[in-house]
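For reference, the structure discussed in these notes is given below.
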Amino acid sequence: MLALIVGLVFLNLYLVYSFLVPTSPPLPAPSIPLPVPPLPTEPIESPQYGVPKSRKPKAQRKFQSSLVDDYLTLKTSIMKDKDLANLLENCLPNTLDTTIEWYNLNTKIPHTFLITGDIPAMWIRDSTNQILPYLTLMQMDASLQKLVLGVIQTQADYLYYDPYANAFLRPWYASSTLDEQDGPLEGRTSDQVIPRYDSQYIWESKYELDSLGHFLLLANEYMTVTGDTDHVLGTSAWLQSMQRVLQVIQDQMKGTWEQEEAHPMARLNKTIPYPFKVMPDRLDTTGPPNPVSLSQGYRFQRYTDRPTETLGADGLGGIAQRCGLVRSAFRPSDDATTLPYLIPANALMSSQLKRLAQLIRTSIQGSKITPPLAKYKAILQDMALAAQSLGDTIHEAIYEHAVVDHPVYGEIFAYEVDCYGSHMLMDDANTPSLLSLPLLGFIDRADPMYQRTRRFLLSRGNPWYFQGKSAQGIGSPHTGHGMIWPMSLLVQIQTSVDEDEIRIALDTLKRLAAKSTNGFMVESFHQDDFKLFTRPWFSWANGLFGVTIADLEVRYPALL
């Protein structure tokens, strides 16, 4: 029985590249020759550094899946590279082992609350990436599938309440495991934000377009892998949330001054409000909160000595004019954008909107439509039209406004633009990034435009690409000079067709895990010294390592 299960798991993992790393439709053959991945027949011997086994003991794991355990047992036993095997055993189950804080799977609509790691809050973006590695495995584990569906439904509840927020506290319907003497957790109350939120529910409210894109991504992947559209498109909670997400997208396609003219602040000497604090008479509230008003758009101000932690122009952020793109106040690093149109986030949103439109059309056409979807057929038809139109508009605007003629690399994608003519050429390790564009389903890995962009990103022309004594790779303004992110190396591996490039990146991660991080991925590490690193408990990066190994299992099995 175990052999049968594991065999099916391997079949599913073989397909993981299609599901978890979607690509755009086939493109015309490129006009320049591009490298073709070799097909090695002999396993390649790699240096071993002694990566430790550091997975939590079974009794301490927050959620257990025997299928995940069986997969790890067999997979690691046949991997030739024992450092990579130990890393896989540590990293792949890290989300299940350590971050599942609460779940209820015994209801028609399950719910799951998971934290990002060392911060006791659930980010929309992080939670999507944390749970994605289990999508193919869940098809043979009903509890795991409900856990994933629970993340989708909890995300929907959060974003229905406030689609501008990026990180949330334990949902109102979740039982608390906190000691009574500690009281409830509370989000930031010193930020001044429109729309005004309740700090009982929200950790912080940094509007990041990619958060909304990741909400769509998880739902789309779940429906693609399982064929279960009823528990997403057929639920009122998800549909109501999606309608508010579409409203935010349409509002943030307006130029910056359009919002100021519609809802003036500066010239009327108005003040952005502080969040509501947790009040004693609301501590026992279990019913859903009333959703925040979206009528005045979004503003954010924080008293800070870091300019990337607040927004200028009375909380509006960078100035941009309407051009078909969607503004994003903050990047996936939680740093403020310099120019409001963040291209990787727009690419993610465009791809996922179009995927959603196709999934809806496929689900409601013909006579085989299920009763839950038939109930909402009119709403779904309108949603598919809106999603397709917005996705197409954004896609066209990226190619119209975000392609820059670089003097060395030729036509490449910019990281941010304002549609007044300004652009920023760089990349940030956090995904979505320009480096990750093929993984977002926006462009093919072999596309000449992407290849030129990639060569620029992995050069000193990118101000956040670092080369040191110990490693080289892309970092982030979030962690400063010389700090390389394992996440960027994992994305580099998944987008590479150069076996030597992949081997060098894997070697860097193995040395890091063996010498400094106790067998796990971290947020970032110093280019000259592995012992200098940030956030040792960073579940998102651990999950991405598992997805990367699955990708290599398909494309370069000899490296494992």
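The values are calculated or read from the model by the stated rules, or taken from the named source; none is laboratory data. It should be emphasised that the depicted structure is a prediction, and the values quoted were computed from it without experimental measurement. Every residue, glycine among them, receives a Cβ derived from its backbone with ideal geometry; neighbour counts consider all protein chains shown. Ligands, DNA and RNA are stripped out before the accessible areas are found, and what is left, the full protein with its side chains, is counted by its heavy atoms. Shrake-Rupley method; radii C 1.70, N 1.55, O 1.52, S 1.80 Å.
Taking segment 494-521 on its own, how many of its residues are at negative phi, among the small types (Gly, Ala, Ser) and assigned to a loop (DSSP other than H, G, I, E, B)? Residues meeting the conditions: 2.
Got a number for residues in segment 213-265 being of a type in the set (Gly, Ala, Ser) and open to solvent by less than 10 Å² (accessible area, probe 1.4 Å)? Even if it seems obvious, please write down each step before you answer.
As a first pass, look at segment 213-265 and keep what is of a type in the set (Gly, Ala, Ser): 213, 219, 227, 234, 236-237, 241, 255, 262.
In the following step, the residues that additionally are open to solvent by less than 10 Å² (accessible area, probe 1.4 Å) were identified as 213, 219, 241, 255.
Number of matching residues: 4.
When restricted to residues that are part of a helix (DSSP H, G or I) and closer than 17 Å to ASN86 by Cα, segment 522-550 contains 11.
Give the residue that is surrounded by the most Cβ atoms within 10 Å (Cβ to Cβ), with candidates limited to residues of segment 153-189 that are modelled with pLDDT of 95 or more and charged (D, E, K, R). Ranking the qualifying residues of segment 153-189, first place goes to ASP162. When we screen LEU356, LEU435 for residues that are in contact with a Ser or Thr (Cβ under 8 Å, 6 or more places away or on another chain), open to solvent by less than 40 Å² (accessible area, probe 1.4 Å) and of a type in the set (A, V, I, L, M, F, W, C), the only hit is LEU435.
I want to confirm something. Restricting to segment 190-212 and keeping residues that are closer than 18 Å to LEU316 by Cβ and of a type in the set (Val, Ile, Thr), which single residue is most open to solvent (accessible area, probe 1.4 Å)? My answer is ILE194. Whether a residue is touching a strand residue (DSSP E or B) at 6+ places or on another chain (Cβ under 9 Å), crowded, with 20+ Cβ neighbours inside 10 Å and modelled with pLDDT under 95 was assessed, and SER488 does not pass this test.
Only residues that are among the aliphatic types (A, V, I, L, M) and under 21 Å from the mean Cα position of the chain (by Cα) were counted across segment 418-431, and they come to 2. Would you check if SER46 is at pLDDT below 95, crowded, with 16+ Cβ neighbours inside 10 Å and either in contact with an Asp or Glu (Cβ under 6 Å, 6 or more places away or on another chain) or hydroxyl-bearing (Ser, Thr, Tyr) (or both)? Spelling it out, SER46 is indeed at pLDDT below 95, crowded, with 16+ Cβ neighbours inside 10 Å and either in contact with an Asp or Glu (Cβ under 6 Å, 6 or more places away or on another chain) or hydroxyl-bearing (Ser, Thr, Tyr) (or both).
Among the residues of segment 383-426, count how many are part of a helix (DSSP H, G or I), farther than 20 Å from ASP444 by Cβ and in contact (Cβ under 8 Å) with a residue 60 or more places away in the chain.
So the answer is 6.
VAL408 passes every criterion in (1) under 24 Å from VAL248 (Cα atoms); (2) surrounded by fewer than 20 Cβ atoms within 10 Å (Cβ to Cβ) apart from (1). Of all residues in segment 318-340, those that are within 25 Å of GLU523 (Cβ to Cβ) and basic (Lys, Arg) have Cβ atoms under 8 Å from Cβ atoms of residues that are modelled with pLDDT of 95 or more and open to solvent by 10 Å² or more (accessible area, probe 1.4 Å), 6 or more apart or on another chain, in ARG331/THR337. All conditions but one from (1) of a type outside the set (Phe, Trp, Tyr); (2) under 23 Å from PRO307 (Cα atoms); (3) in contact with a helix residue (DSSP H, G or I) (Cβ under 7 Å, 6 or more places away or on another chain); (4) open to solvent by 10 Å² or more (accessible area, probe 1.4 Å) apply to MET424; the one that does not is (3). Against the test of being closer than 30 Å to SER143 by Cα and either among the acidic types (Asp, Glu) or at pLDDT below 95 (or both), the options THR286, THR235, THR224 yield a single qualifying residue, THR286. Assess whether THR362 counts as being open to solvent by less than 60 Å² (accessible area, probe 1.4 Å) and of a type in the set (S, T, N, Q). No.
Candidates are the residues of segment 293-345 that are closer than 15 Å to THR271 by Cα and of a type in the set (A, V, I, L, M, F, W, C); the one that is surrounded by the fewest Cβ atoms within 10 Å (Cβ to Cβ) is ALA313. Would you point out the residue of segment 434-461, among those that are more than 22 Å from the chain's Cα centre (by Cα) and part of a loop (DSSP other than H, G, I, E, B), that is farthest from TYR415 (Cα to Cα)? My answer is ALA446. For segment 450-464, a residue qualifies if it is touching an Asp or Glu at 6+ places or on another chain (Cβ under 8 Å) and open to solvent by less than 20 Å² (accessible area, probe 1.4 Å), and the qualifying residues are TYR450, LEU457, ASN462.
Find the residue count for segment 365-380, including only residues that are more than 27 Å from GLU208 (Cα to Cα), open to solvent by 20 Å² or more (accessible area, probe 1.4 Å) and either in a helix (DSSP H, G or I) or among the small types (Gly, Ala, Ser) (or both). Give the steps one after another, and end with the answer.
Step one: of segment 365-380, the residues more than 27 Å from GLU208 (Cα to Cα) are 365-378.
With open to solvent by 20 Å² or more (accessible area, probe 1.4 Å) added as a condition, the list becomes 365-372, 374-378.
Narrowing further to those that are either in a helix (DSSP H, G or I) or among the small types (Gly, Ala, Ser) (or both): 366-367, 371-372, 374-375, 377-378.
Matching residues across segment 365-380 total 8.
What helices (runs of 4 or more DSSP H) lie completely within segment 163-263 and have 2 or more residues being under 25 Å from ASN104 (Cα atoms)? Even if it seems obvious, please write down each step before you answer.
On the way: elements: 209-226, 230-233, 236-251, 256-262.
So the answer is 209-226, 230-233, 236-251.
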